[in-house]
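To keep things clear, I will list the structure first and then write my remarks on it.
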Amino acid sequence: MNLWMSNVRKVTPYVAGEQPQNKNVVKLNTNENPYPPAPEVQELMDNYDADIMRKYPDPDVTKLVNALADYHGVGHDQVFVGVGSDDVISVAFLTFFASDKPILFPDITYAFYPVWADLYRIPYRTPAVDADFRIVASDYEQENGGIVIPNPNAPTSIYEGLDFIEGILKKNPSSMVIIDEAYVDFAGESALKLLECYDNLLIVRTFSKSRSMAGMRIGYAIGRPEAIAAMNSIKASINSYTMSHIAIDTGVASVNDDAYFKKTVAKIVETRENAKKRLKEIGFSGPDSQSNFLFVKHESIPGGEIFKKLREKNIFVRYFSKPRIDDYLRITIGTPEEMEKLYTALQEIISER
Ligand code: PMP
């Protein structure tokens, strides 16, 4: 063994969903958007002058921060932009969770949360979601150093109403409560309006799902000015220039085309509602999804087996071999054509058995 090995920080990393190089795959495994980004984003890319790369980008990401603040009707000092919401949440963990008390997040949730907590040596507890995968509000009344709730939750796809979020904020005035709204555009109301009454709320959003820009890596947080200033101090202590010129400019272009954004989100919601019916007809059940994916299990065939057989047919979905959810598949909503391929493949798998 190399002698320096004993000084290496030990981590158990997050395992991201697979990105197959084969273009023929029906890719329903990482909750990407099947439609292209807004047309203005493409136009901008077509006309990009590489000379701009000689210069560092704006460390304050001013253009995109302002565009997002105006879009959401908040102050220009209330938005923090990062390299995908993974970066934003990671900075938020470092910023707000410096207490010795454990932070709280559900046991079945985004698997990156415990990884950041371990990396930053933040103690944590994971209250169990109930038998229907619902988060139990009273579990978040114990002493804590902070709270993270994704709404809708992933991979369960369940959205909780604002009363639920407000209850948690009210009970925890001395903890920062991060609401991860990666999927909220496919669900109901954002917790944004609660910011007026609660200074302990941080909302995190991403361009990766509803804005079709997972590959550009843009995420953001909205909070009170003091919270955003605290995050900016941490960010400036790690890396000043996180957002490239092209990410900033294409981000603004996306925000400017609200009609396209609403149209693509509506198409995905329509396909999702149809998918619920189609999957139910062939023996699947699961929570009533309010996101761009379904979390389903089959009445007789184990999840792991379906996952493997779909893969052999070049259809990729996500499978987590973890207690309580190892019978379930998480299936991203694709185009109607992609979904038809999925239904056909599933029918074949069921009838071959
Ligand atoms: N939060 C949740 C709940 C997610 O599912 C994801 C996607 N894996 C993210 C955050 C991170 O997304 P991104 O970094 O692409 O914004």
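Coordinate-derived values only; no laboratory data. A quick note: this is a predicted structure, and the numbers were derived from the prediction, not measured. So basically every Cβ, Gly included, is an ideal-geometry build from the backbone, and we count neighbours across all protein chains shown.
The peptide list 314-321, 253-260, put in order of mean Cβ contacts within 10 Å with the highest first, becomes 314-321, 253-260. Placing +1 on each Lys and Arg Cβ and -1 on each Asp and Glu Cβ, with no other charges, gives region 64-145 a dipole about its Cα centre of roughly 140 debye.
Scalar couplings 3J(HN,Hα) for region 178-188, obtained by applying the Karplus form with A = 6.51, B = -1.76, C = 1.60 to θ = phi - 60°, are 8, 9, 8, 9, 3, 10, 5, 5, 8, 10, x Hz; x denotes Gly and Pro. Taking amide H atoms as placed 1.01 Å from N in the peptide plane, the amide H of Tyr124 lies under 5 Å from those of Ile103, each 5 or more residues away in sequence or on another chain. Of Val177, Ile218, Tyr113, which is farthest on the positive side of the dipole of region 51-256, counting Cα position, with +1 on Lys and Arg Cβ, -1 on Asp and Glu Cβ, and the Cα centre as origin? Farthest towards the positive pole: Ile218.
Taken one residue at a time, the phi angles of region 321-329 give Karplus couplings (6.51, -1.76, 1.60, θ = phi - 60°) of 8, 10, x, 6, 10, 7, 9, 9, 10 Hz. Gly and Pro are set to x. Mean projected area of the Cα convex hull of region 146-222, taken over all directions, amounts to 5.0 nm². With contacts taken as Cα pairs under 8 Å and at least 6 residues apart, region 51-256 reaches a relative contact order of 29 percent. Taken about its Cα centre, the chain carries a charge dipole of roughly 940 debye when the Cβ of each Lys and Arg holds +1 and the Cβ of each Asp and Glu holds -1. The Rg/Rh ratio of the chain, with both radii computed over alpha carbons and Rh defined as the Kirkwood radius, is 0.97. Of the residues Asn292, Pro13, Phe97, the one whose Cα sits farthest towards the positive end of the charge dipole of the chain is Pro13 (charges of +1 on Lys and Arg Cβ, -1 on Asp and Glu Cβ, taken about the Cα centre). Taking 0.36 nm per residue of separation and subtracting the Cα-Cα distance, full extension of the segment from Asp60 to Glu143 would add 26.4 nm. Judged by the mean number of other Cβ atoms found within 10 Å, the most tightly packed of the peptides 244-251, 322-329 leads the ranking 244-251, 322-329. Given in Å, the Rg to one decimal and the Dmax to the nearest whole number for the Cα atoms of region 61-214 are 14.8, 45.
Take every Cα pair under 8 Å in the chain that's 6+ residues apart, average their separations, divide by the length, and report that relative contact order as a whole percent. Normalised by residue count, the contact order of the chain is 23 percent. By the beta-carbon count within 10 Å of each Cβ, the least crowded to most crowded order of Arg205, Arg224, fewest first, is Arg224, Arg205. Contact order, relative form, for region 219-306: 15 percent (alpha carbon pairs under 8 Å, 6 or more residues apart, mean separation divided by residue count).
When the chain is described by a simple charge dipole with +1 on each Lys and Arg Cβ and -1 on each Asp and Glu Cβ, the residue from Tyr56, Ile325, Thr156 located farthest towards its positive end is Ile325. Sorted on the mean count of surrounding Cβ atoms within 10 Å across their residues, most packed first, peptides 142-154, 103-115 read 142-154, 103-115.
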